[in-house]
1. Could you tell me which residue of segment 125-148 is surrounded by the fewest Cβ atoms within 10 Å (Cβ to Cβ), considering only residues that are within 13 Å of the ligand (Cβ to nearest atom) and farther than 12 Å from Leu75 by Cβ?
2. For residues that are within 29 Å of Leu180 (Cβ to Cβ) and of a type in the set (D, E, K, R), tally how many sit in segment 251-299.
3. Failed condition for Lys84, given (1) out of contact with any Phe, Trp or Tyr (no Cβ under 8 Å at 6 or more places or on another chain); (2) of a type in the set (D, E, K, R); (3) in contact (Cβ under 8 Å) with a residue 40 or more places away in the chain, with all others met?
4. Return yes or no: is Thr97 surrounded by fewer than 20 Cβ atoms within 10 Å (Cβ to Cβ) and away from the ligand (no atom under 13 Å from the Cβ)?
5. Just one of the numbered conditions (1) in contact with a strand residue (DSSP E or B) (Cβ under 6 Å, 6 or more places away or on another chain); (2) closer than 17 Å to Thr97 by Cα; (3) more than 13 Å from the ligand (Cβ to nearest atom) is not true of Ala217; which one?
Amino acid sequence: MALVAGMRVGSRVLFRPWAWLPGAALGRKESAARGRVGARGFGSQRVLVEPDPAAGIAVMKLKSPPVNSLSLELLTEFVISLEKLENDKTFRGIILTSDCPGVFSAGLDLMEMCGKNPAHYAEYWKAVQELWLRLYLSNLVLIAAINGACPAGGCLISLTCDYRVLADNPKYVIGLNETLLGIVAPFWFKDTLVNTIGHRTSERALQLGILFPPAEALQVGMVDKVVPEDQVQSTALSVMAQWLSIPDHARQLTKNMMRKATADRLVKQRDSDIQNFVGFISRDSIQKSLQVYLGKLRQKKG
Ligand SMILES: CC/C=C\CCC/C=C/C(=O)SCCNC(=O)CCNC(=O)[C@H](O)C(C)(C)COP(=O)(O)OP(=O)(O)OC[C@H]1O[C@@H](n2cnc3c(N)ncnc32)[C@H](O)[C@@H]1OP(=O)(O)O
C-alpha cells in the first residue's frame, strides 16, 4: 500500500494514509458529514471504536492479536479512526485501550523492521511519525486505559495521552526498553518521555531500557493512577469526566502551548529523521540484534 499523499495543515504536511480510500477526494465538510460517527460503533479490522455521542466520548480498542504490535496496517487504521473522531464535533474525548488480553501494545512491529528494503522502512517510519504527531497534538482529551504490558512504541502511544490509568498487575510493565533490543529511541520518543517524567529519570530509564512495574511506574510519574484491573475502564471514564469539565478552547490552547515546541522539532526534520531511521535499521549489526531479540521472544514459549 503506497502511503504518499500529503496535506498541509498550518505549517505541517500531514500524510494521508486513507488517500486511497473511496471518498477520499470529497471535500472535508462533505466527507465529514458522510463519515459522521453516530451512536453505532465503527472502526476497522484492527481498531474498534465504541462511540457514546451523548457523553461526547468514544472508546477506541486496539485489536490486532496477539499483541497489538504496531504494523503498518494497524498504524494506518489507527490514524483513520482518530481523524474520523477529530472531524466529528460530537466528540471531545477518547479512551484508548486494548482488546488483546494482557497486552496494551507490544510496540513497533519488529517484522516491519526486519529483512525489508529501505523504501519499506521509510514508509513504515513515516507512518509511525504520523501517528505520534496526530496523537500528541490531538485537540481531543486522550486517556490511556492501560490494561496490559506496554513496552516501547506501546509506551510511546500512552505517553501521548493526557492521562494514563494502569491496571495493577506485575506483568503489565511500561517503559521505553529500546536499548534492550540494541536499538535507540529517537529524539521525539525521548522528548515525550522527558516531558512526562523529567530529565534525570528519563536518562536512567532510557539507558537501562527499564520496564517499570505498576507501583514504580506510578512513583516515577510514567502513569497517573494504578487501579485494580477491573476498575481501569471505570476510572478512565471518571477521569475523562473531570477533564471534560474544562472548557475545550482553554484546555486545547493550553495543551498546544505545552506540546507544540516538542512536535515542531520533528515536523521540521521529518525527512532527515526518516533517513536516519532507514540508515540505522538497515545496518547488518542492527538487523542481527533484532533477529536475536525476536528469536528470544519465540524461544520464551518453547
Ligand atoms: C534511529 C531510531 C531507530 C530505531 C527506533 C526504533 C524504535 C522501536 C520501538 C519499538 O517499539 S521496538 C518493539 C519493542 N517491543 C518489545 O520489546 C516487546 C516485545 N514483546 C514482548 O515483550 C511480549 O511479546 C509481550 C508484549 C510482553 C507479550 O507477551 P506474551 O507472552 O503475551 O506474548 P508473546 O511474547 O508470546 O508474543 C506473541 C507473539 O507476538 C510476537 N511479538 C511480540 N512482540 C512483538 C513485536 N513488537 N513485533 C512483532 N511481533 C511481536 C512474538 O514473537 C510471538 O510470536 P510467535 O507467536 O510467532 O512466536
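1. Asn147
2. Adding up the residues that qualify gives 10.
3. (1)
4. No; evaluated as a whole, the condition is false for this residue.
5. (2)
Yes/no per residue for (1) of a type outside the set (A, V, I, L, M); (2) modelled with pLDDT under 95; (3) surrounded by fewer than 18 Cβ atoms within 10 Å (Cβ to Cβ); (4) part of a loop (DSSP other than H, G, I, E, B):
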| position | (1), (2), (3), (4) |
| --- | --- |
| Thr196 | yes, no, no, no |
| Arg200 | yes, no, yes, no |
| Glu203 | yes, no, yes, no |
| Gln207 | yes, no, yes, no |
| Gln219 | yes, no, yes, no |
| Val223 | no, no, no, yes |
| Gln231 | yes, no, yes, no |
| Ala241 | no, no, yes, no |
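The rows are residues; the columns are (1) touching a strand residue (DSSP E or B) at 6+ places or on another chain (Cβ under 7 Å); (2) free of Cβ contacts under 8 Å to residues at least 60 places away in the same chain; (3) among the acidic types (Asp, Glu).
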site: Leu142; (1), (2), (3): yes, yes, no
site: Val173; (1), (2), (3): yes, yes, no
site: Glu178; (1), (2), (3): no, yes, yes
site: Val194; (1), (2), (3): no, yes, no
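For every residue, the table says whether it meets (1) farther than 14 Å from Leu133 by Cβ; (2) in contact with a helix residue (DSSP H, G or I) (Cβ under 6 Å, 6 or more places away or on another chain); (3) among the small types (Gly, Ala, Ser); (4) touching a residue at least 24 places away in the same chain (Cβ under 8 Å).
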{"site": "Thr254", "(1), (2), (3), (4)": "yes, no, no, no"}
{"site": "Met257", "(1), (2), (3), (4)": "yes, no, no, no"}
{"site": "Lys260", "(1), (2), (3), (4)": "no, no, no, yes"}
{"site": "Ala263", "(1), (2), (3), (4)": "no, yes, yes, yes"}
{"site": "Leu266", "(1), (2), (3), (4)": "no, yes, no, yes"}
{"site": "Ser272", "(1), (2), (3), (4)": "yes, no, yes, no"}
{"site": "Gly279", "(1), (2), (3), (4)": "yes, no, yes, no"}
{"site": "Ser289", "(1), (2), (3), (4)": "yes, no, yes, yes"}
{"site": "Tyr293", "(1), (2), (3), (4)": "yes, yes, no, yes"}
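The values are calculated or read from the model by the stated rules, or taken from the named source; none is laboratory data. All values derive from a computational prediction rather than experimental measurement. With ideal geometry, Cβ positions are generated from the backbone for all residues, glycine too; neighbour counts draw on all protein chains shown.
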